[in-house]
Amino acid sequence: MPKSKPRKKAAAKKSQARRSQHESNRIFGDAESFVSDEAETLLSSRGWISERNQPGGLDQGDCWYWMPSQLPAYLEEGEPVPTSVYPVSSGFVSQLATPDGSVPPGAETTYASLQELEADLERLESYRVPETDWTVLGGGPGPEETPGELIDSIAEEWELIAELIHFPYSEEGVRSFDAVVQAGQDGRLTEYAYQSVLAGRGLPRA
């Protein structure tokens, strides 16, 4: 189904964006990948979305995303990313959500232990990118656009997740959140995408 409004790709190449660095867990060059079962238990219990649950499972190391901080996908430039945490040899690193994939001073914190990270989770989970720092192209979805059209037309899963988190749902009909629930039940959304959208909207995971 054709998209009902033009959708411009992010200006930054995906290979250069922080999201891709997270996915490969190589923020420090060709560093070794790391996993932490303890962090997986802690963060997943608090509603963080785990890299382990992506289609195909864990690839190049653990990373966890706080989806309520995810911005809409189609911004003026750059590739928005949610607040994230990943393990390194010396402990853990958190990076606050940004609209363009950058890691400005103050956005990154290093923790020597899981206990240090746990003590900072309330701050990480409450952070949102200031509205003055980002702009949605065209003001967001058009008045006739539906969640079903987004699901059928956006191939990049992270872009679809970001769009569905921020869609201006109506209470009922084809523009309601019921369309997303039905798509999840019908297999038109991966389980990872569906759970990410639920987490991003602060809804109980199915």
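For this structure, a couple of remarks:
- Relative packing of peptides 37-44, 110-117 - highest average C-beta neighbours within 10 Å first: 37-44, 110-117
- Note on E144 and L203: with the Förster distance fixed at 30 Å, the Cβ-Cβ geometry gives a FRET efficiency of about 0.75.
- Taking 7 Å steps out from each Cα toward its Cβ at E122 and N53 produces label points 2.4 nm apart.
- Ranked from largest, the principal axis spans of the Cα set of segment 56-148 equal 49, 35, 21 Å.
- Computed label-point distance, nm, for sites A155 and Q60 using a 7 Å Cα→Cβ extension: 2.1
- Averaged over its residues, segment 150-206 has an accessible area of 48 Å² per residue, based on protein heavy atoms and a 1.4 Å probe.
- Table column - 3J(HN,Hα) (Hz), segment 168-177, Karplus curve with 6.51, -1.76, 1.60, x for Gly and Pro: x, 5, 8, 6, 8, x, 5, 9, 8, 5
- Qualifying GluC sites (Glu not before Pro) in segment 163-206, where qualification requires a DSSP coil assignment and no more than 15 other C-beta atoms within 10 Å, comprise E171, E172.
- Figure note: D133, D100, D120 ranked by solvent-accessible area, largest first, 1.4 Å probe, ligands and nucleic acids not counted: D133, D100, D120.
- Accessible surface of segment 130-205, 1.4 Å probe, proportion on carbon and sulfur as whole %: 49
The values are calculated or read from the model by the stated rules, or taken from the named source; none is laboratory data. None of the values given here were measured: they were computed from a predicted structure. No Cβ is skipped: glycine too gets one built from the backbone with ideal geometry, and neighbour counts run over all protein chains shown. With ligands, DNA and RNA removed, areas are computed over all heavy atoms of the protein, side chains included. Shrake-Rupley method; radii C 1.70, N 1.55, O 1.52, S 1.80 Å.
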